[in-house]
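Okay, here's the structure, questions in a sec.
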Amino acid sequence: MTTASTPSRHTILTCLCSFVDFISFSSVCRSWRAVTSSLSPSEITSRFPPLLLIASYTREGRVSGCRVLDPASPSFSCSLGRICSASAKFPFLTNHGRFLRSVGPARQRQHVILNPFTGEEIQSPIMPKGYTSFNRFHYTHLSSIDSALLLFTNDTVFHWRIGSSSWSCHSPRIRTSGGEIVAIVNGTVYAMDSGERLFVLDLSPELHLRQLAVGGIGVGSFSFQSFLVDCGGELLFLRLVPTERIIGMQLEAFRLDLSANQARWVKMETLGNWAIFVGYWPPLPGLAVENPERWGGRSNCVYFATNENVDWPWMVIKLGEEIDTSNPESPLFNGNPGQRVKTSWVYPGL
């Protein structure tokens with residue numbers, strides 16, 4: 001009976017089109033959960049689009065609401081009530097859908113990473129003396145046993161390997177201009193600052209930040225927002241740039257070409273059969289999904305999350321298509337900043 005039923009479970013799994021269905025499948029029984037547990041993160045992310053985690057905050061910086069939407073199941077919506085009622089402040093929403101908060105007095109500052117889907121909390125060691133705040137952060141997830149928290153200040157990068165007892169730090173000779181965004185491609189950690197300079201962050205044998213000389217983008221070009229994306233093992237760079245119309249913007253995409261003597265950004269006219277998921281705030285790494293038509297999505301498009309229209313908090317933008325910023329449904333519409341809604345595309349548990 002077991003031998004005959006196993007192929008049936010795998011057959012059902014291949015027919016699933018949404019992450020919500022995947023979670024329901026894994027909740028049927030222990031043997032069905034074993035089937036889902038046997039899949040690698042890359043196999044899961046290649047099948048389903050990410051979920052959208054929407055967190056809203058009070059003026060005091062506390063989470064006032066937190067809900068989850070699935071682009072493959074537009075009618076699905078659920079709230080994470082126990083997180084909303086938490087008394088502590090969770091002002092930062094990280095990549096991978098974690099919340100990050102600081103705890104303790106200034107001289108004994110620690111950081112807590114919270115998974116809102118499971119309630120799991122991870123507490124870091126005490127920060128080195130003299131450092132109590134940071135400008136940017138990134139929760140890396142190289143593998144299930146090699147995750148880390150990166151914190152960026154004006155002149156220092158801090159690295160804490162999850163489970164270790166101390167922080168490592170590096171004060172690079174080359175100063176970044178702040179606003180770092182980070183993406184991991186084939187185990188290489190890339191970081192880009194607000195000046196669109198690209199760096200490689202070596203985590204071992206010791207923490208080290210080095211700049212890459214990358215050509216391909218004109219000097220003096222301007223962008224409103226930048227994103228780094230791991231797309232099928234290639235590093236993609238998305239830029240939100242102005243068009244000829246004052247109220248217009250569009251997305252450009254480039255891939256990093258390392259085959260020549262000098263690294264170059266090569267402009268892409270199409271994303272092919274890929275869809276990219278990004279959000280306007282906070283500026284987190286994008287996620288790439290192949291063959292989105294299998295779950296009702298659209299290829300060669302960017303799923304852009306917005307903060308303002310929380311009833312339908314994303315829009316689908318074709319690469320190169322003009323975005324009308326005067327449209328209230330646009331992710332760049334100048335709405336009410338006091339709303340303090342933050343969004344993150346996330347694969348829960350990965």
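Restricting attention to the range 252-267, does a residue exist that is under 30 Å from Trp295 (Cα atoms), assigned to a loop (DSSP other than H, G, I, E, B) and out of contact with any Lys or Arg (no Cβ under 8 Å at 6 or more places or on another chain)? Can you show your working first?
Pass one, the range 252-267, residues under 30 Å from Trp295 (Cα atoms): 252-256, 266-267.
Retained after the next criterion (residues that are assigned to a loop (DSSP other than H, G, I, E, B)): none.
Looking for residues that are under 30 Å from Trp295 (Cα atoms), assigned to a loop (DSSP other than H, G, I, E, B) and out of contact with any Lys or Arg (no Cβ under 8 Å at 6 or more places or on another chain), one finds none in the range 252-267, hence no.
Could I ask something else about it? Considering only the range 45-54, state which residues are modelled with pLDDT under 80 and closer than 18 Å to Ser344 by Cα. Walk me through it before giving the result.
Our first condition is that a residue be modelled with pLDDT under 80; within the range 45-54, this holds for 45-47.
Result: Thr45, single match.
Counting only residues that are under 14 Å from Pro285 (Cα atoms) and of a type in the set (A, V, I, L, M, F, W, C), how many does the range 213-239 have?
Of the residues in that region, 8 qualify.
Can you name the residue in the range 310-319 that is part of a loop (DSSP other than H, G, I, E, B) and surrounded by 14 or more Cβ atoms within 10 Å (Cβ to Cβ) and is also modelled with the lowest pLDDT among such residues? Even if it seems obvious, please write down each step before you answer.
To start, the set of residues in the range 310-319 that are part of a loop (DSSP other than H, G, I, E, B) comprises 310-313, 319.
Okay, now just the ones that are also surrounded by 14 or more Cβ atoms within 10 Å (Cβ to Cβ), so 310, 313, 319.
Values: Val310: 56, Pro313: 81, Leu319: 90.
Here the answer is Val310.
Hey, any hits in the range 123-131 for a residue that's among the aliphatic types (A, V, I, L, M), surrounded by 17 or more Cβ atoms within 10 Å (Cβ to Cβ) and at pLDDT 80 or above?
Applying the first criterion (among the aliphatic types (A, V, I, L, M)) to the range 123-131 yields 126-127.
Next, only the ones that are surrounded by 17 or more Cβ atoms within 10 Å (Cβ to Cβ) stay: 127.
Okay, now just the ones that are also at pLDDT 80 or above, so 127.
Checked the range 123-131: at least one residue is among the aliphatic types (A, V, I, L, M), surrounded by 17 or more Cβ atoms within 10 Å (Cβ to Cβ) and at pLDDT 80 or above.
Turning to a different aspect of this structure: Here is a check on your reading of the model: is Val63 modelled with pLDDT under 75 and out of contact with any Gly (no Cβ under 6 Å at 6 or more places or on another chain)? Show your work before the answer.
Working: modelled with pLDDT under 75: yes; out of contact with any Gly (no Cβ under 6 Å at 6 or more places or on another chain): yes.
Taking the combined requirement at face value, the residue satisfies it.
Still on this model: When only residues in the range 221-231 that are of a type outside the set (Asp, Glu) and surrounded by 14 or more Cβ atoms within 10 Å (Cβ to Cβ) count, which is modelled with the lowest pLDDT? Reasoning before the result, please.
At the first step, the residues of the range 221-231 found to be of a type outside the set (Asp, Glu) are 221-229, 231.
If we keep only those that are surrounded by 14 or more Cβ atoms within 10 Å (Cβ to Cβ) as well, we get 223, 225-229, 231.
Values: Ser223: 76, Gln225: 82, Ser226: 86, Phe227: 90, Leu228: 92, Val229: 93, Cys231: 92.
Filtering first and then ranking leaves Ser223.
Let me ask something else. Are there any strands (runs of 3 or more DSSP E) wholly within the range 161-243 with 1 or more residues that are touching a Gly at 6+ places or on another chain (Cβ under 6 Å) and in contact (Cβ under 8 Å) with a residue 40 or more places away in the chain, and if so which?
Details: elements: 168-170, 181-185, 188-192, 198-202, 208-212, 225-231, 234-242.
Answer list for the range 161-243: 225-231.
To keep it simple, each residue is scored yes or no on (1) in contact with a Pro (Cβ under 9 Å, 6 or more places away or on another chain); (2) at pLDDT 80 or above; (3) within 28 Å of Thr243 (Cα to Cα).
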site	(1), (2), (3)
Thr140	no, no, no
Val157	yes, yes, no
Ser171	no, yes, no
Gly179	yes, no, yes
Ala183	yes, yes, yes
Val219	no, no, yes
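Looking only at the range 37-74, count how many residues are in a strand (DSSP E or B), out of contact with any Ser or Thr (no Cβ under 8 Å at 6 or more places or on another chain) and more than 14 Å from Ile23 (Cα to Cα).
At the first step, the residues of the range 37-74 found to be in a strand (DSSP E or B) are 51-57, 63-70, 73-74.
In the following step, the residues that additionally are out of contact with any Ser or Thr (no Cβ under 8 Å at 6 or more places or on another chain) were identified as 51, 74.
Filter again for more than 14 Å from Ile23 (Cα to Cα), leaving 74.
The total comes to 1.
Being aliphatic (A, V, I, L, M), surrounded by fewer than 17 Cβ atoms within 10 Å (Cβ to Cβ) and free of Cβ contacts under 8 Å to residues at least 60 places away in the same chain is the requirement here; does Ala288 meet it? Talk me through it step by step, then tell me what you get.
On the way: aliphatic (A, V, I, L, M): yes; surrounded by fewer than 17 Cβ atoms within 10 Å (Cβ to Cβ): no; free of Cβ contacts under 8 Å to residues at least 60 places away in the same chain: yes.
So Ala288 does not fit the description; no.
Which of the numbered conditions does Phe304 fail, given that it passes all the others? Conditions: (1) open to solvent by less than 20 Å² (accessible area, probe 1.4 Å); (2) aromatic (Phe, Trp, Tyr); (3) over 16 Å from Ser344 (Cβ atoms).
(3)
The values are calculated or read from the model by the stated rules, or taken from the named source; none is laboratory data. Everything numeric in this text was worked out from a predicted model, so none of it was measured. So basically every Cβ, Gly included, is an ideal-geometry build from the backbone, and we count neighbours across all protein chains shown. The area values use the complete protein model at the heavy-atom level, side chains included, leaving out ligands, DNA and RNA. Shrake-Rupley method; radii C 1.70, N 1.55, O 1.52, S 1.80 Å.
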